[in-house]
Amino acid sequence: MKNKKYWLLTVLSVMLIMVLAACGSESTTDDTEKENTNGESTSTDNESKTSDIEFLSLATGGTQGTYYALGGTFADLISDETGIKTTAEVSQASAANVNALKAGDAEIAFIQTDIAYYAKNGELMFEGAAMDNIVAIGGLYPETVQLVTTASSGIKSFADLKGKKVSVGAPGSGTYANAEQLLEIHGLSIKDDIQAQNLDFGESTDGLQTGQIDAAFITAGYPTAAVEALGATTEVVIVPVTADKAKELIAKYPYYATDLIPAGTYGLESEVPAVSVLAMIATTAELPDDVAYGIAKAIYGNTDKISHAKGSFIKVETALDGIGIPVHPGAQKFFDEQ
């Protein structure tokens, strides 16, 4: 009888332990679910961490342009600051870089401010294909729209371009848009008044040197490597944008600004009036805040390490001037701290 009672007590004890364990487990599960639902705790699986990203691709431009020249320096600075291996990639510049960001082929990119504006708002080459999530890291330096020719061409004004072979950049590129708008202000059309050639910077200056083209639009920070190379063997001429035409252009397209190409650049005897847009570094809103912060800090906190002539324009104080699109929260945090 005693053995039977002992056996029954043992069974009841085991059952009680199992019930208590199950209740404890259910309570823990319920508590966790409530925390997640109420937002009082965040699962680490949903957090974007710097350590999750091992590589960054920086889309630049052609090898003879300013984007590429600066891109290598920026990639090194970002790698050192964030610990994320960053590589500067050759590209077809602004418009192509927007598409690279959109497709996920690049995480950060050099872009003209006017092109970023078109992308954000679905205008011109991005009509019907707006990129809602494009955001800025910060502005860099003026990108001068340079209408380059040679002394032997005889071209001294925009009017002289009529009927000539003129490089206007790739269709849909930033340079193409600039060429189209400047020609428009001067009463000319890409389709009707010139023999448009779709060449990159290096091809343009090679064509000028050999006489295969008569002039070329090149939107880049001066001194541009391709134009400097041309100036080493040929007398370079930059066609001026007169004050009245610059004013008319800016009234219609307010993202332009007046500019001056200094005497001595490319061997010029005197300064040349021009117009410019702004170069910027852009990314997507999906880039983690701490990574965007690190990129901003790497570039704007190390301007003394930028040897290119345009490095003198890159400053914390002016980094958000004339951007025209939202700034990434991570980059904004860096600038706010400064």
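To keep it simple, each residue is scored yes or no on (1) under 18 Å from residue 264 (Cβ atoms); (2) outside any helix (DSSP H, G or I); (3) at pLDDT 95 or above.
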| residue | (1), (2), (3) |
| --- | --- |
| 179 | no, no, yes |
| 183 | no, no, yes |
| 188 | no, yes, yes |
| 202 | no, no, no |
| 207 | no, no, yes |
| 212 | no, yes, yes |
| 216 | no, yes, yes |
| 219 | no, yes, no |
| 233 | yes, yes, no |
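What are the residues in the range 300-310 that are part of a helix (DSSP H, G or I) and either β-branched (Val, Ile, Thr) or surrounded by 18 or more Cβ atoms within 10 Å (Cβ to Cβ) (or both), if any? Answer for the range 300-310, where residues must be part of a helix (DSSP H, G or I) and either β-branched (Val, Ile, Thr) or surrounded by 18 or more Cβ atoms within 10 Å (Cβ to Cβ) (or both): 300, 303, 310. Comparison of 160, 192 shows that the only residue that is in a helix (DSSP H, G or I), modelled with pLDDT of 95 or more and open to solvent by 50 Å² or more (accessible area, probe 1.4 Å) is 160.
Cβ-Cβ contacts under 9 Å between residues 6 or more apart (or on different chains), taken from a first residue in the range 319-332 that is closer than 17 Å to residue 131 by Cβ and among the small types (Gly, Ala, Ser) to a second residue that is open to solvent by 10 Å² or more (accessible area, probe 1.4 Å) and not in a helix (DSSP H, G or I), are listed as 324/255; 324/278. Among the residues making up the range 266-286, a single one is among the charged types (D, E, K, R) and either on the phi > 0 side of the Ramachandran plot or in contact with a Leu (Cβ under 7 Å, 6 or more places away or on another chain) (or both): 271. Just one of (1) under 18 Å from residue 172 (Cα atoms); (2) in a loop (DSSP other than H, G, I, E, B); (3) open to solvent by 50 Å² or more (accessible area, probe 1.4 Å) fails for residue 132. It is (1). Inside the range 277-299, residues that are part of a strand (DSSP E or B) and crowded, with 23+ Cβ neighbours inside 10 Å make up a count of 7.
Taking the numbered list (1) farther than 16 Å from residue 157 by Cα; (2) among the hydroxyl-bearing types (Ser, Thr, Tyr); (3) surrounded by fewer than 17 Cβ atoms within 10 Å (Cβ to Cβ) in turn, residue 173 passes all entries but (3).
Here residue 223 qualifies as in a loop (DSSP other than H, G, I, E, B) and either under 23 Å from residue 91 (Cβ atoms) or open to solvent by less than 10 Å² (accessible area, probe 1.4 Å) (or both). Would you say residue 194 is within 22 Å of residue 143 (Cα to Cα) and among the β-branched types (Val, Ile, Thr)? Taking the combined requirement at face value, the residue does not satisfy it. Scanning the range 195-208 for residues that are under 9 Å from residue 169 (Cβ atoms) and open to solvent by less than 10 Å² (accessible area, probe 1.4 Å) gives a single hit, 204.
The values are calculated or read from the model by the stated rules, or taken from the named source; none is laboratory data. These numbers come from a predicted model, not from an experiment. Virtual Cβ from ideal backbone geometry, glycine too; neighbours counted across all protein chains shown. These accessible areas exclude ligands, DNA and RNA; they are computed on the full protein's heavy atoms, side chains included. Shrake-Rupley method; radii C 1.70, N 1.55, O 1.52, S 1.80 Å.
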